[in-house]
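Enquirer: Input: one structure, supplied below.
We did not get these values from a lab; they are worked out from the coordinates using the rules stated. Keep in mind that this is a model prediction, so the values were computed, not measured. Every residue, glycine as well, gets a Cβ built from its backbone with ideal geometry; the counts of neighbours run over all protein chains shown.
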Amino acid sequence: MPADTESSDEPVYKRVLLKLSGEALMGPAEFGIHMPTCIKFAEEMASAVEATGVELCVVIGGGNIFRGLQGAANGMERAQADSMGMLATVMNALAMQSALEQIGVPTRVQSAIPMNTVCEPYIRRRAIRHMEKGRVVVFAAGTGNPYFTTDTGAALRAAEMNCDAMFKGTQVDGVYSADPKKDANAVRYDQLGYQEVLARDLKVMDASAVSLMRDTNIPIVVFSLHKKGALQEVLSGKGTSTTIS
């Protein structure tokens, strides 16, 4: 939970997990990975970490490459399709590692599906040690199991890492009553309760992810991924966002 700070010089959060969608990595493209966009996000992370001293871990979806649900809808066996989706998240994690290391940020990728020739296996205590040493850790392959989304994987890792909050970068600057791009009367919320999000079926994260955050009492901070400096602002307790707690 955010620290009770009397001085604005003290960090609001010590350790956080940042959740990005795979689609965010597409940038202006219609498919795949747009490296200039990855580098832009890497620069946002680097400046936020440098300014706040926060320990950062990241989970990225795989929808820019392959969606398990989509594969299952097209006749593929669901567990097999989900395995392909998890492999897509590994590709995105490696791309983000490349972007971060290009700008001098030491980064480790840990996969829930062991593939030792390309990244580390997921080991909880090793991941915590990496962050304590100032490295960014990118968690890949979701939970390693089918039938779970990367939202749920992110919630699980946030709990295992003892994060103070999960930050979800989206297309808009918080949670709205409706899609603000389609409904001019949509209202943005500053604060919401976990149960309110579930009861009203607000499309923030899937229900199992929100439930896990509720059970572990870890707030979810929803902010705009595309506003320059937004991550640093919300990590400092400023800027525009919605906090679910």
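Enquirer: Grab the DSSP H runs of the chain that are 4 residues or longer, score each as -39,500 (n - 2.57), total them, divide by all residues and round the 222 nm result to the nearest 500 deg cm²/dmol.
Expert: Result for the chain, helices only: -11500 deg cm²/dmol.
Enquirer: Kyte-Doolittle cut-off 0.0, length cut-off 20 Å along the helix's own axis using Cα: show which whole DSSP H helices in the chain pass.
Expert: Span-like helices, by this rule, are 35-52, 78-102.
Enquirer: Also, quick follow-up: I want the local charge near residue 46. Using Cβ-Cβ distances under 14 Å, sum +1 for each Lys or Arg and -1 for each Asp or Glu among the other residues.
Expert: That works out to -2.
Enquirer: Here is the link list: 14/203; 19/133; 14/133; 181/203; 181/227. Which ones come out longer than 23 Å on Cα distance?
Expert: Cα-Cα > 23 Å for 14/203; rest within.
Enquirer: Relative to the Cα centre, what is the charge dipole magnitude of the stretch 15-244, using +1 at the beta carbon of each Lys and Arg, -1 at the beta carbon of each Asp and Glu, and rounding to the nearest 20 debye?
Expert: For this selection, approximately 300 debye.
Enquirer: For Cα pairs less than 8 Å apart in space and 6+ apart in sequence, what is the mean separation divided by the residue count of the chain, i.e. the relative contact order in percent?
Expert: Computed over the chain, the figure is 22 percent.
Enquirer: OK, next. Taking the Cβ of residue 172 as the center, what net charge do the other residues with Cβ under 13 Å away carry, scoring Lys and Arg +1 and Asp and Glu -1?
Expert: +3
Enquirer: Taking 30 Å as R0, compute the FRET efficiency from the Cβ-Cβ separation of residue 77 and residue 35 and round it to 0.05.
Expert: My answer for the efficiency is 0.35.
Enquirer: Does the stretch 84-129 come out rounded, prolate or oblate by the C-alpha gyration tensor, with a ≥ b ≥ c the root eigenvalues, rounded set by a/c under 1.5 and, if not, prolate when a/b is larger than b/c and oblate if not?
Expert: Oblate.
Enquirer: Would you please classify the overall shape of the stretch 112-245 from the alpha carbon gyration tensor, given that a ≥ b ≥ c denote the square roots of the eigenvalues, rounded means a/c under 1.5, and beyond that prolate means a/b larger than b/c while oblate covers the rest?
Expert: prolate
Enquirer: Sort 40-47, 197-204, 66-73 by packing, meaning the average of other beta carbons within 10 Å per residue, with the highest value first.
Expert: Output ranking for 40-47, 197-204, 66-73: 40-47, 66-73, 197-204.
Enquirer: While we're on this one: Calculate the FRET efficiency for residue 200 and residue 116 from the Cβ-Cβ distance with a Förster distance of 35 Å, rounded to the nearest 0.05.
Expert: Here the calculated transfer efficiency is 0.20.
Enquirer: Next question. Under the rule of at least 5 residues apart or a separate chain, name every residue whose amide H is placed under 5 Å from the amide H of residue 63.
Expert: Amide H neighbours of residue 63, under 5 Å, 5+ apart: 22, 23.
Enquirer: May I ask you to derive the FRET efficiency for residue 126 and residue 182 from their Cβ-Cβ distance with R0 = 41 Å, giving the value to the nearest 0.05?
Expert: Plugging the Cβ-Cβ distance into 1/(1 + (r/R0)^6) gives 0.40.
Enquirer: Most exposed first by the Cβ proxy, i.e. fewest other Cβ within 10 Å, how do 58, 187 rank?
Expert: Ordered by Cβ neighbours within 10 Å, fewest first: 187, 58.
Enquirer: I would also like to ask the following. Quick check on the stretch 15-244: of the DSSP beta bridges with both residues there, what percent are antiparallel, nearest 5%?
Expert: 20
Enquirer: Something else: Calculate the length of the line joining the C-alpha centroid of the stretch 69-136 to that of the stretch 171-204, in whole Å.
Expert: So the two Cα centres are separated by 29 Å.
Enquirer: Is the shape of the chain rounded, prolate or oblate, going by the alpha carbon gyration tensor and its root eigenvalues a ≥ b ≥ c, with a/c under 1.5 for rounded and a/b larger than b/c for prolate?
Expert: In terms of gyration-tensor shape, rounded.
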